[in-house]
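Have a look at the structure below, then the notes.
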Amino acid sequence: MQITKWTHVRRHSLAMAFALLGCVSLSSFAQTLKPLDSDREPDRIEWWQVSEKLGALPKAKPGVKVGAVAKTLTNEYWRLLGDGYKKAGDKAGVTVDLQAAQSEGDQLGQLAIAENMLSKGYSVLLVSPQSDANLQPAVDAAAKAKVPVVNVNDAVIPLAEHYIGNVQRDNGVRAARWFVQNKPAGGKIAVIEGMAGVYAAVQRTEGFKATLGKESTKFKVVASVPGNWDRQLSYDTATNILQQNPDLVGFYCNNDTMALGVVEAVKAAGKLAQVTVIGTDGIGDAYKSILAGELTGTIDSFPVLTGEVALDVSLRLLAGQKVPRVVATPQALITKQNYSRYKGDEAAQRKALIEDAKSGAK
Amino acid sequence: MPNPPPALELRGISKQFPGVKALSGVNLLVRPGEIHALLGENGAGKSTLLKIISGVQQPDEGEMFISGRPVKLVGTKAARAAGIAMIHQELQLIPELNAAQNMFLGSPRVTCGVLLAHDAMQKRASEVLHDLDPGIDVRTPVKYLSVAQRQMVEIARALLTDARVIAMDEPTSSLTPSEFEKLVVLIRKLAERGVAIIYVSHKLEEVFELCGRATVLRDGVWIDELQLANTTEPELVAKMVGRELVHNTRHRTAGGEIVLEARGLQWKSRVRGVSLAVRRGEILGIAGLVGAGRSELVGLLAGLQRPDAGEIFVHGKAQQFANPGSAIRAGIALVPEERKREGIIPLMSILSNVGLPTLNKATRFGLIRHGALRARVHADAVRVNMRPLALSRPIRLFSGGNQQKAIICRWLSSGIDVLIFDEPTRGIDIGAKEEIYKIIEELAAEGCAIIVVSSEMREVMYLSDRLLVMQGGKLAGELSHQQYSEEAIMTLAIPRADMAPAASQELS
Amino acid sequence: MTNVKLRDLPVRDMGTLFGLVLIFATFAFVSPIFMESRNLVNILQQSSINACIAIGMTLIIISGGIDLSVGPVAALSAVISASMLAAGVPPWIGMLAGLAVGISCGVVNGVLIAYGGLQPFIVTLGTLSIYRALALIYTGGNPVLNIPSEFRSWFGNSLAGLPMPVIIVCIVSALAWVLLRKTPIGEYLLAVGGNEEAARIAGVPVALTKVTAYAISGGLASLAAMIVVARLGAAEPILGNLWELEAIAAAAIGGASLLGGKGGIVGTLLGAIILGAMRNGLTLLNVQAFYQLLATGLVILLAMLVDRLTRGRA
């Protein structure tokens, strides 16, 4: 297939594309920004360094309204991110309105929402796009209206001036490294992917498989199939995979909802001791399952914390502060063993994450 | 001795529809045990009156009494509860359900808890139905029953609810003579039990045979109530149409060249090796009983189905029709039997319905020339005496006769060579019938070759120059105009074993 | 003579228009910026994709069918056209290729339905999966980027204050209106949907009529896809998710009957704008997504009730 090779040179071809775009100078693109590579962007800062380097949060002007466009509210992750916005907004005394598309993958609907919020006149927009491209027209319009746009997590808008979040691919990388370090004997692994073609699913799966292949020779991915973010479908899929591969050692799931379905299937097959299940997101039910000794672990990207950081940064932008283009937020694979370290009170969590970051642990 | 109160009495009933006064001060009195004819042309208001009697519509003015008590019937349920049942012209059974299920539709069900008690229902249904026609198994899905049998099921359904007044709208329009005879016996039996029958039919011979009194409507107005014993048929017709009808005794021998010829046509087991030819200016009749394969035969000629074997020649050239469109291009068109299902497109206007087959000829740069099309359709509609002459009105709002005229109009200016009529006047009132006969004759006179399929023997004999009789998918024989008689037709049409003397007597 | 069949349609269209005015008035009352011209242009722009799809859907619904595969058809033509554009093919060829893909997909639907005698719902349910799968397989699940700016600018410009997509949809609507009201094929669509057997006996080329309707729907789906690709600068294989339902909703609100034989372009356009205005207004009022969904559902049901009440009053 002609297109598949682009997976590997994706960022590279993006660079070419926008170099080209720059030359042609489309009227709507006022500035020539380099396409954002959130992983390697040199103009970056860790989330915990923000107040160290930029000082205390300036007091918001009266009448500041923050608009947020989430992906969808049917997923706890995005609701928690919104909680983070609200929490930080309350602290700073600003209004935060949160809107979301009606379903995962509703690209045009989300674009319409973003455009409509712009006409309503928010001071700043926090967006979590469905895909790299779907909100681009709204970003252009915001630039014209001089409303700052902050890209929070998941898909990366190539021309985003501000990005806050982690890297989807890194999620898979962490899961793969956990297997390499904790299951030295290796064995058969299965991946339960999100909706086919959805950005986060593609990136997480790709990161997982690439890392696993690179850093160990003992693992074999025997199945990598979509569970469509759906618990029931994932349960059925996992049941089939386990029947086919009775000696399977682990599942990696693109989100926790699917992971919980897989756990049920593993339990039903009586293989809880043999099969490891790693989920993604860190939703409430996932932790209940981890503490009960069923789900092995989940890669938590700390949505509440991310939301707080995003709001904090957007207020700094409004106050005229210069914030680096990328503000990196944490991710950590949390299991029963290290649960207490991350999921205690908020201060302890921040402390632990800062320690991780300083020690360079991935 | 005091008379029992009338089973049903209507006084001064009026009903207004947007733009039309459908009924104006109509009276009707039916006594228990009486078979009362309700007569009038289509559009005279019979249908509206029946709808009011059966609770479908409510009158604007007037009173209604059942057994002497004033009633207001809102909804068919209320009418049923009051003891009024309706046997519709187009039977209202659900083909996939069996006879018993159909009979219990809309009636208080026999239930066992919340579940239907199928056995009990079947038993009750078969008791009632056995009286009418012991040949019907109540477990048979209705789609496998003949039209006559379906009618029995409808009547049985009415009896199930102990109806005291049964209104029958054109009950015999699709019955064979022997089936009709059975129905006559049945209706008399019902009357003897004290049931009042309101009988609507266009077949005056039936009316005279069956009914005692008749109420005549014309244009929504009550005209007269007659004792049929003291009335002649021409008198009755005059009251219905408001004028005397001229009777045609046309004789013609066709001499044009052969336009359409078929040789050895075969289709499933329904058409078995039929050959025929029809000439320019000739009206060829095809008679036979229901199920003899007449509709199937003309369906093959008009491209509705492809024959399994046999050849069709148009102007001497062999033709194969992939669909009706290709038959039309070859010059053969059909006015189908079931107007509702095969003829009209109900939501579309008269103009669209008429213009449909000839739209391609009415375009300029791919766009329809609506002005020219309307002018042409208007002229044709005037020619067939369409009433009202409202070309933009959806066709579903017109009476059956006017719908049929519209379907015929399709072909008036289309340059068609052969026009096939399958039951051209089914369910159509006398006035419109005469008009349709006139158009058919005019078309033939203009050189069109005509084929007429009809179950009404008087109709085929009246119209045709030559007659083919079918029986069991085959041609049983051909009659020249001099040989025409109902007896001769029946002799050919009825399978030998079935030929009962009683049936042929009834045909006079 | 245009009032030939319009005679009983305006009643319904007036109802839809009244609904639209009511919705606009309500939103204008509670949100001052709703009636600002920038926001109105926004509404038109945001309704244009759905309107484009819904016009094709209307023609099919009138013919008594349904097309569930419009979203995947859009996705497939988007990724094929985009990959050609990205490979340096002249933009107009890339666009024509995209339209050709869409029309071909529609013809496949139409042939299976008209000549194969299969039910439209099932056929397009099947091709919904197949076309989506082809788009995913072709791209490996990744978006196609590198859309040349020339192509993007075609659809990105404005004319007299109206964005290009709105103008395109206006042109498409006008053509569709003429097709439906002024050409034989329009009459055929109404006839086939109104009574297929009667239409066949009257000599209407039933199969050809159906195939035409599905081909047009496929073509319009790919036209919508071109607009989206140009606006977003990328073609994604998951594009067009749930487009079919939104288009059916617009047609139904506009008075098209899923039983066939009834429907119109004006009504469908109004229906699409109603849906767009709802989404816009509710977002301005900061109503949460779940309640927006609820409101959309209620509007559809309300439209059906109005339909029921006005029936037979033509």
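The values are calculated or read from the model by the stated rules, or taken from the named source; none is laboratory data. As the structure is a prediction and not an experimental result, all values here were calculated from the model. Cβ coordinates were reconstructed from backbone atoms using ideal geometry, including for glycine residues, and neighbour counts include every protein chain displayed.
Of the residues that make up segment C:16-27, is at least one within 14 Å of another protein chain (Cβ to nearest Cβ) and more than 15 Å from C:E244 (Cα to Cα)?
yes
Please go through segment B:306-329 and give me each residue that is closer than 18 Å to C:V206 by Cβ and either within 11 Å of another protein chain (Cβ to nearest Cβ) or surrounded by 21 or more Cβ atoms within 10 Å (Cβ to Cβ) (or both), ordered by number.
B:F321, B:A322, B:N323, B:P324, B:G325, B:S326, B:A327, B:I328, B:R329
State whether the residues of segment B:391-406 include one that is under 30 Å from B:I489 (Cα atoms) and among the aromatic types (F, W, Y).
No, segment B:391-406 contains no residue that is under 30 Å from B:I489 (Cα atoms) and among the aromatic types (F, W, Y).
For residues that are in a loop (DSSP other than H, G, I, E, B) and at the interface with chain A (Cβ under 7 Å from one of its Cβ atoms), scanning just segment C:142-152, find the one that is nearest to the chain's Cα centre (by Cα). Show your work before the answer.
Going through segment C:142-152, the residues in a loop (DSSP other than H, G, I, E, B) turn out to be C:142-143, C:145-148.
So of that shortlist, the ones also at the interface with chain A (Cβ under 7 Å from one of its Cβ atoms) come out as C:142-143, C:145-146.
Details: C:N142: 26, C:P143: 23, C:L145: 25, C:N146: 27 Å.
If we take residues in segment C:142-152 being in a loop (DSSP other than H, G, I, E, B) and at the interface with chain A (Cβ under 7 Å from one of its Cβ atoms), then C:P143 is nearest to the chain's Cα centre (by Cα).
Given segment C:155-206, what helices (runs of 4 or more DSSP H) lie entirely inside it while holding 3 or more residues that are away from chain B (no Cβ under 12 Å)?
Hits in segment C:155-206: C:164-182.
Within the bounds of segment A:172-181, is there any residue that is in contact with a helix residue (DSSP H, G or I) (Cβ under 8 Å, 6 or more places away or on another chain) and free of Cβ contacts under 8 Å to residues at least 40 places away in the same chain?
Looking for residues that are in contact with a helix residue (DSSP H, G or I) (Cβ under 8 Å, 6 or more places away or on another chain) and free of Cβ contacts under 8 Å to residues at least 40 places away in the same chain, one finds at least one in segment A:172-181, hence yes.
Could you identify the single residue in A:T237, A:T211 that is β-branched (V, I, T), farther than 14 Å from A:K188 by Cβ and within 22 Å of the chain's Cα centre (by Cα)? Spell out how you get there, then give the answer.
Numbers: A:T237 fails: within 22 Å of the chain's Cα centre (by Cα).
Result: A:T211 is the single residue among A:T237, A:T211 that is β-branched (V, I, T), farther than 14 Å from A:K188 by Cβ and within 22 Å of the chain's Cα centre (by Cα).
Looking at segment C:20-33, which of the residues that are part of a helix (DSSP H, G or I) and in contact with a Leu (Cβ under 8 Å, 6 or more places away or on another chain) is modelled with the lowest pLDDT?
Of everything passing the filter in segment C:20-33, C:I33 is modelled with the lowest pLDDT.
Within segment A:316-324, is there a residue that is assigned to a loop (DSSP other than H, G, I, E, B) and of a type in the set (A, V, I, L, M, F, W, C)? Don't jump to the end; show me each part of the working.
So in segment A:316-324, the residues assigned to a loop (DSSP other than H, G, I, E, B) come out as A:319-324.
After this cut, where a residue has to be of a type in the set (A, V, I, L, M, F, W, C) as well, the list is A:319, A:323.
Yes, some residue in segment A:316-324 is assigned to a loop (DSSP other than H, G, I, E, B) and of a type in the set (A, V, I, L, M, F, W, C).
Hey, does segment A:200-223 have a residue that's surrounded by fewer than 24 Cβ atoms within 10 Å (Cβ to Cβ), in contact with a Ser or Thr (Cβ under 8 Å, 6 or more places away or on another chain) and in a loop (DSSP other than H, G, I, E, B)?
No, segment A:200-223 contains no residue that is surrounded by fewer than 24 Cβ atoms within 10 Å (Cβ to Cβ), in contact with a Ser or Thr (Cβ under 8 Å, 6 or more places away or on another chain) and in a loop (DSSP other than H, G, I, E, B).
Kindly indicate the residue of segment A:347-360 that is within 23 Å of A:L291 (Cβ to Cβ) and free of Cβ contacts under 8 Å to residues at least 40 places away in the same chain and also surrounded by the most Cβ atoms within 10 Å (Cβ to Cβ) among those meeting that condition.
Taking segment A:347-360 first, the residues within 23 Å of A:L291 (Cβ to Cβ) are A:347-353, A:355-356.
From what is left, the residues that are free of Cβ contacts under 8 Å to residues at least 40 places away in the same chain are A:347-348, A:351-352, A:355-356.
Numbers: A:A347: 8, A:A348: 13, A:K351: 14, A:A352: 18, A:E355: 12, A:D356: 16.
That would be A:A352.
Of all the residues that make up segment A:130-145, how many are assigned to a loop (DSSP other than H, G, I, E, B), touching a residue at least 40 places away in the same chain (Cβ under 8 Å) and not hydrophobic (A, V, I, L, M, F, W, C)?
So the count comes out to 3.
Considering each of A:E41, A:E76, A:E46, A:E52 in turn, give the residue that is at pLDDT below 90 and either touching an Asp or Glu at 6+ places or on another chain (Cβ under 9 Å) or basic (K, R) (or both).
From the options A:E41, A:E76, A:E46, A:E52, the qualifying one is A:E76.
Which residue is modelled with the lowest pLDDT, if the candidates are limited to segment B:285-305 and must be more than 23 Å from B:N323 (Cα to Cα) and outside any loop (DSSP other than H, G, I, E, B)?
Restricting to residues being more than 23 Å from B:N323 (Cα to Cα) and outside any loop (DSSP other than H, G, I, E, B), the top hit is B:G288.
Go over the candidates B:R339, B:R272, B:R279, B:R369 one by one and state the one that is out of contact with any Ser or Thr (no Cβ under 6 Å at 6 or more places or on another chain), surrounded by 15 or more Cβ atoms within 10 Å (Cβ to Cβ) and within 26 Å of B:H481 (Cβ to Cβ).
B:R279
Within segment C:242-259, take every residue that is in a loop (DSSP other than H, G, I, E, B) and surrounded by fewer than 23 Cβ atoms within 10 Å (Cβ to Cβ) and give me the one that is nearest to the other protein chains (Cβ to nearest Cβ).
C:L242
Restricting attention to segment C:199-207, does a residue exist that is farther than 25 Å from B:I350 by Cβ and surrounded by fewer than 24 Cβ atoms within 10 Å (Cβ to Cβ)?
For segment C:199-207, residues farther than 25 Å from B:I350 by Cβ and surrounded by fewer than 24 Cβ atoms within 10 Å (Cβ to Cβ): present.
Can you name every one of the strands (runs of 3 or more DSSP E) wholly within segment B:1-40 that holds 2 or more residues which are at pLDDT below 90?
The qualifying strands (runs of 3 or more DSSP E) are B:8-17, B:20-30.
If we scan segment C:295-302, do we find a residue that is under 26 Å from C:I33 (Cα atoms), part of a helix (DSSP H, G or I), within 14 Å of chain A (Cβ to nearest Cβ) and without any contact (Cβ under 8 Å) to a residue 24 or more places away in the chain?
yes
Only one residue in B:G400, B:G343 is more than 10 Å from every other protein chain (Cβ to nearest Cβ) and either in contact with a strand residue (DSSP E or B) (Cβ under 6 Å, 6 or more places away or on another chain) or within 26 Å of B:I283 (Cβ to Cβ) (or both). Which one?
After applying the criteria, what remains is B:G400.
When the residues of segment B:491-502 are narrowed to those that are over 21 Å from the mean Cα position of the chain (by Cα) and aliphatic (A, V, I, L, M), which ends up modelled with the lowest pLDDT?
The residue in question is B:A502.
A quick yes/no check of all residues on (1) at pLDDT 85 or above; (2) hydrophobic (A, V, I, L, M, F, W, C); (3) over 30 Å from B:K203 (Cα atoms):
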site: B:S67; (1), (2), (3): yes, no, no
site: B:P70; (1), (2), (3): yes, no, yes
site: B:V74; (1), (2), (3): yes, yes, yes
site: B:Q89; (1), (2), (3): no, no, no
site: B:E96; (1), (2), (3): no, no, yes
site: B:C112; (1), (2), (3): no, yes, yes
site: B:D131; (1), (2), (3): no, no, no
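Quick check: is even one residue across segment A:99-122 part of a loop (DSSP other than H, G, I, E, B) and more than 10 Å from chain C (Cβ to nearest Cβ)? Steps first, answer last, please.
So the first thing to find is which residues in segment A:99-122 are part of a loop (DSSP other than H, G, I, E, B), and the list is A:102-106, A:121-122.
Still in the list and also more than 10 Å from chain C (Cβ to nearest Cβ): A:122.
Yes: segment A:99-122 contains one or more residues that are part of a loop (DSSP other than H, G, I, E, B) and more than 10 Å from chain C (Cβ to nearest Cβ).
So how many residues does segment A:268-295 have that are in contact (Cβ under 8 Å) with a residue 40 or more places away in the chain and either closer than 15 Å to A:Y342 by Cα or of a type in the set (S, T, N, Q) (or both)?
Total meeting the criteria: 9.
Could you grab me the full set of residues in segment A:118-134 that are modelled with pLDDT under 90 and touching a helix residue (DSSP H, G or I) at 6+ places or on another chain (Cβ under 6 Å)?
A:S119, A:K120, A:Q130, A:S131, A:A133, A:N134
With the condition kept exactly as written, say whether any residue in segment A:164-181 is part of a strand (DSSP E or B), in the same structural domain as A:V277 (by TED's automatic domain parsing) and surrounded by fewer than 24 Cβ atoms within 10 Å (Cβ to Cβ).
No; the residues of segment A:164-181 include none that is part of a strand (DSSP E or B), in the same structural domain as A:V277 (by TED's automatic domain parsing) and surrounded by fewer than 24 Cβ atoms within 10 Å (Cβ to Cβ).
Could we say that A:R40 is part of a loop (DSSP other than H, G, I, E, B) and not aromatic (F, W, Y) here?
Against the criterion (part of a loop (DSSP other than H, G, I, E, B) and not aromatic (F, W, Y)), A:R40 qualifies.
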